[in-house]
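The values are calculated or read from the model by the stated rules, or taken from the named source; none is laboratory data. Keep in mind that this is a model prediction, so the values were computed, not measured. Ideal geometry is used to build each Cβ from the backbone, glycine not excepted, and the neighbour counts take in all protein chains shown.
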Amino acid sequence: MLNRNRNGNKQNGQAKQKLDLRGKNAPAYLEPDTLLGRNALFQVEKMIAGGGFGQIYKAINLETDEEVAVKVERASTNDSQRMILESKVLDEMLGTKHFPNVYYIGPHKNCNFIVMQMLGRNLGDIRKVLPHKKMSISSSVRIGIQIVEALSLLHTKGWLHRDLKPTNCCLGLDEKRRQVYLVDFGMSRRFRNDDGSNREVRHYCGFRGTTRYCSYRMHDRREQGPVDDLWCLYYTLAELVEGYLPWRDMESVDEMAQAKKIIKHDMIFPSMPSKFASFDRNLRRLRQHSTPDYVKFQNILASCVKYVDDNAEFEWDILGV
C-alpha cells in the first residue's frame, strides 16, 4: 500500500511537471539562427524572456539589421487562440502610439509567432531595481497619464485589455525610452460591435486578468468594461508608487476581493497627494458600459505634481539601474 502511494505521488508530480512545461518553464521553442518570416527575413538570436504562456526572443531583421522581438507560443488549442487574438488587436492598433509595431505573424513547426518592435524593460522589473523598490510620484504620474491615453486609444477601437499590470507595460528604446507601450493582448475582448453598439452583457463571465490588479467587479465574475481597465491602472500605479499593494500577501482570492471593496483610498495610496483621491471617486461612479472621461483622469494625475515634464529623464535612467 505504501509503495502504491509513493508511485502515485511520483506519477502526480510527473503529470504536474508536464502540465508546467510551457512558456518560461518549457524548453526553448526556437533554436539560435532559426530563420522566420517571408523570405527568411528574421534570424533568431536568443531567448530573452518567458511568461506563463509564451517565450520572447531577440532576432535580427536581415535586411535592415534592426533588432526585433519574436513572441512564440505553442499551437495548442488554448494558447493558439491567445496568439490569434493578440495578433488581431495589434493589427488593428498598428501605427498607433503606445502600441508596438508588428512586422510579421505566422506559424513555425508546432508554434505560432509574432515579430514585433523591440521594447525595453517592463515597469514591474524597473520598480524592483529602484531604491526602496518604488517609483517617484512624478515618474508614476507621467506613466499613468500615458497609460490613460493608451487605454483611450484601445477603447476607441472597441477593445478591452483585461490584464493591465506593471509587467504588461513596457518602455521603448533609445529616443522612445520615455514612451510607454502596452503589451500582451492575449486576454483582450471586444466590448463594442462593428456598428458602434455595445455587446450584450453576459450574466456570468469566466475570470480574465490577474487577481492582484483586477477590479473588484471581476472577482464577482461580472462583464468587464473600460472602467475595469482603469481599475487595473489604479492598482498598477499603487504598486509603482508605494512598492506594494495591501493584499499582496493574501492567499485567499475571496479575501483579496473583499479587501478591494473595503480598503480606503488613503490606505492604498498613503504617499500620494490628497488630490489623487478623486481618481478613486470618479472610478466608482462609472458603470460597465460607461465611457470614461479620459482627460479628467489625466488631469487628476497631473494635479498631483507641480509640473509634468515629458522630456525629463526618469530616475532609473539617471541612476543607471
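So, in segment 51-71, of the ones that are in contact with a Leu (Cβ under 9 Å, 6 or more places away or on another chain) and assigned to a strand (DSSP E or B), which residue ends up surrounded by the fewest Cβ atoms within 10 Å (Cβ to Cβ)? By that ranking, first place goes to Glu67. What are the pairs, 6+ residues apart or on separate chains, where a residue within segment 87-116 that is among the small types (Gly, Ala, Ser) has its Cβ under 6 Å from a residue that is surrounded by 15 or more Cβ atoms within 10 Å (Cβ to Cβ)? Listed pairs, sorted by first residue: Ser87/Ile105; Ser87/Ile114.
Of everything in segment 72-113 that is in a helix (DSSP H, G or I) and polar (S, T, N, Q), the residue that is surrounded by the most Cβ atoms within 10 Å (Cβ to Cβ) is Ser87. State yes or no: is Val321 within 24 Å of the chain's Cα centre (by Cα) and at pLDDT 95 or above? Spelling it out, it is not the case that Val321 is within 24 Å of the chain's Cα centre (by Cα) and at pLDDT 95 or above. In summary, helices (runs of 4 or more DSSP H) completely within segment 169-281 and bearing 2 or more residues that are farther than 29 Å from Ile114 by Cα and either touching a residue at least 60 places away in the same chain (Cβ under 8 Å) or assigned by TED's automatic domain parsing to the domain that holds Phe53 (or both) occur at 226-242. For Leu230, are the conditions met, namely being touching a strand residue (DSSP E or B) at 6+ places or on another chain (Cβ under 9 Å), among the aliphatic types (A, V, I, L, M) and closer than 25 Å to Phe314 by Cβ? Here the answer is no, as Leu230 does not meet what is asked.
For segment 290-302, indicate whether the set of residues that are in contact with a His (Cβ under 9 Å, 6 or more places away or on another chain), surrounded by fewer than 16 Cβ atoms within 10 Å (Cβ to Cβ), more than 12 Å from Ser138 (Cα to Cα) and at pLDDT 95 or above is non-empty. First the steps, then the outcome.
Narrowing segment 290-302 to residues in contact with a His (Cβ under 9 Å, 6 or more places away or on another chain): 291-292, 294.
Pick out the ones that are also surrounded by fewer than 16 Cβ atoms within 10 Å (Cβ to Cβ) and you get 291.
From the residues that got through so far, the ones that are more than 12 Å from Ser138 (Cα to Cα) too are 291.
Those still in the list that are at pLDDT 95 or above too: 291.
Checked against the condition, which is being in contact with a His (Cβ under 9 Å, 6 or more places away or on another chain), surrounded by fewer than 16 Cβ atoms within 10 Å (Cβ to Cβ), more than 12 Å from Ser138 (Cα to Cα) and at pLDDT 95 or above, segment 290-302 yields at least one hit.
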